[in-house]
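What follows is one structure encoded as C-alpha cells, with my remarks underneath.
The values are calculated or read from the model by the stated rules, or taken from the named source; none is laboratory data. Bear in mind that the values here come from a model prediction, so they are computed numbers and not experimental data. All Cβ positions, even for glycine, are placed from backbone atoms using ideal geometry, and neighbour counts span all protein chains on display.
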C-alpha cells in the first residue's frame, strides 16, 4: 500500500510539472482545452471499450471458456479509461497504453508474471486456460529414485526435458 501511495505521489508531481510546462509553452486556455478534450475522449472510451470487454467476458463465461484474460482485460480497460478521464497528460498517456489492445496485452502478461504465482496451478488453468509449453530435446538428466521403464511411460516414447513458458 505504501508503494502505491508513493507511486501516486510521484505521478502527481510529474503531472503537475508537465501541466505547468505545457501551460507555459502553449498558454493556459489551450492547455485547459486539451485537458477537457482528453477527459471527454476517456469518458467515451470508458463506455465503448467497457462494453466490448464486458461482452468478451460474458461470451467466455457463457461458453465455459477460461474467462480470466477477458476479466483482466476489462480491469485494465477500466483502469486505463479512468486514467484518461483524470485531468493531466501523463495519466492520459498511461491510460491510453492500457486501453490499446497491443499494449494492454503486454500489461496483462506482465501482471500474470508478477502475480500469477500467487494462484495455484489449477486456479491459473481454470481462469486463464492451459499454459503454453515450449519443449526441446536435451541431454538425459539422472533423476533420483528408480528409473522409469519405457512400458510405464504414457506414450511409450522417450522423455524430454522442457521448460514452462508463461
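Numbers for the structure displayed
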| quantity | calculated |
| --- | --- |
| Filtered residue count, the range 12-40, keeping only those that are surrounded by 16 or more Cβ atoms within 10 Å (Cβ to Cβ), under 26 Å from residue 73 (Cα atoms) and out of contact with any helix residue (DSSP H, G or I) (no Cβ under 6 Å at 6 or more places or on another chain) | 1 |
| Any hit, the range 41-49, residues being within 16 Å of residue 90 (Cα to Cα) and either assigned to a helix (DSSP H, G or I) or without any contact (Cβ under 8 Å) to a residue 12 or more places away in the chain (or both) | yes |
| Checking residue 81 against (1) at pLDDT below 90; (2) surrounded by fewer than 16 Cβ atoms within 10 Å (Cβ to Cβ), the condition it does not meet | (2) |
